[in-house]
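The values are calculated or read from the model by the stated rules, or taken from the named source; none is laboratory data. Keep in mind that this is a model prediction, so the values were computed, not measured. Here Cβ is always computed from backbone atoms with ideal geometry, including for glycine, and neighbour counts include all displayed protein chains. Calculation scope for accessible area: heavy atoms of the full protein, side chains included, ligands and nucleic acids excluded. Shrake-Rupley method; radii C 1.70, N 1.55, O 1.52, S 1.80 Å.
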Amino acid sequence: MTIDPKNKIEVFDTQELLSKAAAELMIELANESVAIRGRFSISLSGGSTPEQLFVLLSTDEYKTRMPWANTYIFWGDERYVPLDDKRNNSFVARSLLLDKIDIPAANIFAAPVNLEPATETAIAYEQSLRTFFGGQLPQFDLIMLGIGENAHTASLFPHTQVIHEEKEWVSAVYVEEVKMYRITMTAPVINNARNVLFLAAGQGKAEVLKTVLTAAYNPDEYPAQLISPTHGNLYWFLDKKAASLLS
């Protein structure tokens, strides 16, 4: 099996060690970005794996090392459910992290899921990106991603049109598999990031990671293969179980 050397893969014995390493990378990139550009822009991911990271970052040991006043938070994708719904990615991040740190409310950019229909939410969220990044294609300092057992990442699901989207920065997509609209950043935005970090833990991710990292390029079947930063770094932080089928 051949893995593209562009993929910076790190394997950790436990998910706890994975989360600590992710926290350290985030802190390092945040302080470096603020020193160079005066701000740190990050796009968070949903799913279960980042939750341990959020809890860790809310502790005194970690939160005091982050430049929260100069940190600007977005989400790579969002479920089209109310802001106070437990399935809402920004609700989870607020509950576990953002409500427990000293970050200005104006620095948090959640998708406005109160707008109808879902396409209006996508249009409004793209406008917030255009305003923040001055009309230029967004270049986040860090985009965090997860990967599903079906190889989706963000809300780029197999065999959906959004996989091929090149003009929109944010799209609304109805995912038949989960019977729900999702709001997602598109591949051009993700691939323009300075750093992209995939987090994956558990035996359930082993097969899909082996496929995405070693199989022939087929993004319709394996959308996570779309992610290949144009100029940035691509990190994969995996626990031992998730990496068990990689040589």
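Take segment 193-204 and flag every residue that is under 27 Å from Glu166 (Cβ atoms), outside any strand (DSSP E or B) and open to solvent by less than 30 Å² (accessible area, probe 1.4 Å). Ala193, the sole residue that qualifies.
Selection of segment 210-237 for residues being open to solvent by 30 Å² or more (accessible area, probe 1.4 Å) and part of a loop (DSSP other than H, G, I, E, B) yields Ala215, Ala216, Tyr217, Asn218, Asp220, Glu221, Tyr222, Ser228, Thr230, His231.
Looking only at segment 72-84, decide whether some residue is touching a residue at least 24 places away in the same chain (Cβ under 8 Å), in a helix (DSSP H, G or I), open to solvent by less than 50 Å² (accessible area, probe 1.4 Å) and of a type in the set (A, V, I, L, M, F, W, C).
no
Candidates are the residues of segment 133-156 that are more than 20 Å from Glu51 (Cβ to Cβ) and among the hydrophobic types (A, V, I, L, M, F, W, C); the one that is most open to solvent (accessible area, probe 1.4 Å) is Leu137. Within segment 99-132, the set of residues being part of a loop (DSSP other than H, G, I, E, B) and open to solvent by 30 Å² or more (accessible area, probe 1.4 Å) comprises Asp102, Pro104, Phe109, Pro112, Asn114, Leu115, Glu116, Pro117.
Restricting Glu166, Glu207, Glu149 to those that are at pLDDT 95 or above, outside any loop (DSSP other than H, G, I, E, B) and among the acidic types (Asp, Glu) reduces the list to Glu207. If you take the residues in segment 88-98 that are under 17 Å from Ile42 (Cα atoms) and assigned to a helix (DSSP H, G or I), which one is most open to solvent (accessible area, probe 1.4 Å)? Only one residue tops the list, namely Arg94. Residues in segment 198-247 that are among the hydrophobic types (A, V, I, L, M, F, W, C) and on the phi > 0 side of the Ramachandran plot: none.
Taken over segment 99-122, the criterion of being more than 19 Å from Leu44 (Cα to Cα) and free of Cβ contacts under 8 Å to residues at least 12 places away in the same chain is satisfied by Leu115, Glu116, Glu120.
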